[in-house]
Amino acid sequence: MKLSLLLYRYIRPSLVILLLLMGLRGAVALSADSLAWRSVGVYDSWEHSPFLTGQLQGNVRVEQGVIAFQRSRYGSNTYGLRLDLSNTFELTPQPKYIHVRLLKPKAGRTMLIGLGKRRERAGQSDRTEQFWVYSTHTVEPGQWTDAVFPVKGAGGIDIHSLVVVPDCESTHNLASDFMAYVGTIAINDSPLSATLSSNYPLGFSPEDATVAASEGVDSVSIVGRGDEGAVVRAPKVDGDRRPRYANLLEHALEAVPGERIVFAINGQLAGKSSVSVDLDNDGRFSATECFDGTVDLPASIPYGCYRLRLERGLAVVDTRLNVHPQRVTINQEGRNGEVVAADGRALAALSVPFGKPFTVRVVPSHGFTFSGVRIRYGYKLNADRLLHGTPQYVEQVIPRSAFKSNGVGTIPAELVRGDIVVEGIFVSK
């Protein structure tokens, strides 16, 4: 290992790649929601990383507004490019989406780490990890991709730096370093990637389109049910105008295979040609997927999240239909500890009731504690989060403060809405 470290060298970007970078305006196009950075460097969450101990220096260059970063085989799977922001932003309960223009030569998961501090903790370092999140879709190698990362928090958390991890995979099989490139970074309310082809076209530009407040959509619901999964509400908007289009894809109505669903808009029965459901999840609404307010789900429909569109006059709302089983499975992953059921059972395809709270216990390894638990719930949890722009699962962190001193805590019912992966966030004492 020591000999290998001595041989570590900077990889110079090829002339072809540099010309490509300089010619792609899309990589560095600035907008009103762009995040500016004041300095760049490297970061690794592995406490014994040679980039933290001082054995190695990270290699970063800036060319024509594009940042070239050398992904080292000597860092951990979370080794990445650190960008210290010119201005902080707050993590709020309402999701925001960070868009990173990224070019890399290798396939693999892409992650974003947020470094910052809680406002009530005066002594906390502004390099404290506040979130880890994967890109909602695959970053294809060899082409610029607008990677999208959903972030949210409890409020009062300021993010000072972002870490772009272009290859969040084990380095055991990484034979050599490679270069990755980062262009513009922006934060906004849109979960859609600018580089993915459009799905479910609206037929109008939603940015500035409005309707009278009396014509807007306040809620969509399933008639005859009063449970949590039977209604989705739009955010309240003051004034006499409302957005014509409401993107409520982070929320979902719930149903089971074979169910007859009668939809309502603003508490009134949905009218003719007012409901569309992409029952085959192919990214479009076919003529047979448009309904007059009532949908009979096939008994054989696979469990999953399906794009659901409801229309009221000119107003349009997109949300999801979560077609779920009566019982779901819980698994756990992570290192430096484990998460088990409160009664000690392993979380290995453990079957639990859908929509019911479940109590777990976090067990750190010797020399470690934990800062919280990350919950990923939904379907196809190891695949891309977005299927044709529709979220298939949701990630949320339960903070350490929600657990007792012995590590026991409850996954609330609102997070048991599909299969679950529980990951303890373990840190050195």
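Val394: open to solvent by less than 50 Å² (accessible area, probe 1.4 Å), at pLDDT 95 or above and hydrophobic (A, V, I, L, M, F, W, C), yes or no? So Val394 does not fit the description; no. Of all the listed residues (Val232, Val262, Val275, Val217), the sole one being among the hydrophobic types (A, V, I, L, M, F, W, C) and in contact with an Asp or Glu (Cβ under 8 Å, 6 or more places away or on another chain) is Val275. Which of the residues belonging to segment 238-255 are surrounded by fewer than 16 Cβ atoms within 10 Å (Cβ to Cβ) and either part of a loop (DSSP other than H, G, I, E, B) or at pLDDT below 90 (or both)? Listed by number, the residues that qualify are Asp238, Gly239, Asp240.
Residues of segment 365-387 that are crowded, with 18+ Cβ neighbours inside 10 Å and either touching a residue at least 60 places away in the same chain (Cβ under 8 Å) or among the hydroxyl-bearing types (Ser, Thr, Tyr) (or both): Arg374, Tyr377, Gly378, Tyr379, Arg385, Leu386, Leu387. One residue stands out in segment 266-325 among those that are of a type in the set (A, V, I, L, M) and farther than 23 Å from Pro206 by Cβ: the one that is nearest to the chain's Cα centre (by Cα), namely Val323.
Which of the residues belonging to segment 271-297 are touching a Leu at 6+ places or on another chain (Cβ under 7 Å) and at pLDDT 90 or above? Val275, Val277, Asn281, Glu289, Gly293 - these are the residues of segment 271-297 that are touching a Leu at 6+ places or on another chain (Cβ under 7 Å) and at pLDDT 90 or above.
Yes/no per residue for (1) free of Cβ contacts under 8 Å to residues at least 40 places away in the same chain; (2) in a loop (DSSP other than H, G, I, E, B); (3) in contact with a helix residue (DSSP H, G or I) (Cβ under 9 Å, 6 or more places away or on another chain); (4) open to solvent by 50 Å² or more (accessible area, probe 1.4 Å):
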site	(1), (2), (3), (4)
Leu308	no, no, no, no
Val316	no, no, no, no
Pro325	no, yes, no, no
Asp343	yes, yes, no, yes
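Go over the candidates Asn406, Asn331 one by one and state the one that is surrounded by fewer than 17 Cβ atoms within 10 Å (Cβ to Cβ) and either at pLDDT 95 or above or more than 21 Å from Gly229 (Cα to Cα) (or both). Lay out the reasoning, then the answer.
Numbers: Asn331 fails: surrounded by fewer than 17 Cβ atoms within 10 Å (Cβ to Cβ).
That would be Asn406, the only listed residue that is surrounded by fewer than 17 Cβ atoms within 10 Å (Cβ to Cβ) and either at pLDDT 95 or above or more than 21 Å from Gly229 (Cα to Cα) (or both).
Residues in segment 123-168 that are open to solvent by 50 Å² or more (accessible area, probe 1.4 Å), acidic (Asp, Glu) and not in a strand (DSSP E or B): Asp126, Glu140. Of the residues making up segment 268-286, those that are in a loop (DSSP other than H, G, I, E, B) and among the small types (Gly, Ala, Ser) are Ala270, Gly271, Ser273, Ser274, Gly283, Ser286. Number of residues in segment 265-303 that are of a type in the set (A, V, I, L, M, F, W, C), touching a Pro at 6+ places or on another chain (Cβ under 8 Å) and exposed (fewer than 13 other Cβ atoms within 10 Å of the Cβ): the value is 1.
The values are calculated or read from the model by the stated rules, or taken from the named source; none is laboratory data. These numbers were taken from a predicted model, which means no experiment stands behind them. Heads up, the Cβs are rebuilt from the backbone with ideal geometry, glycines too, and the neighbour counts pull from every protein chain shown. Side chains included, ligands, DNA and RNA excluded: accessible areas come from the protein's heavy atoms. Shrake-Rupley method; radii C 1.70, N 1.55, O 1.52, S 1.80 Å.
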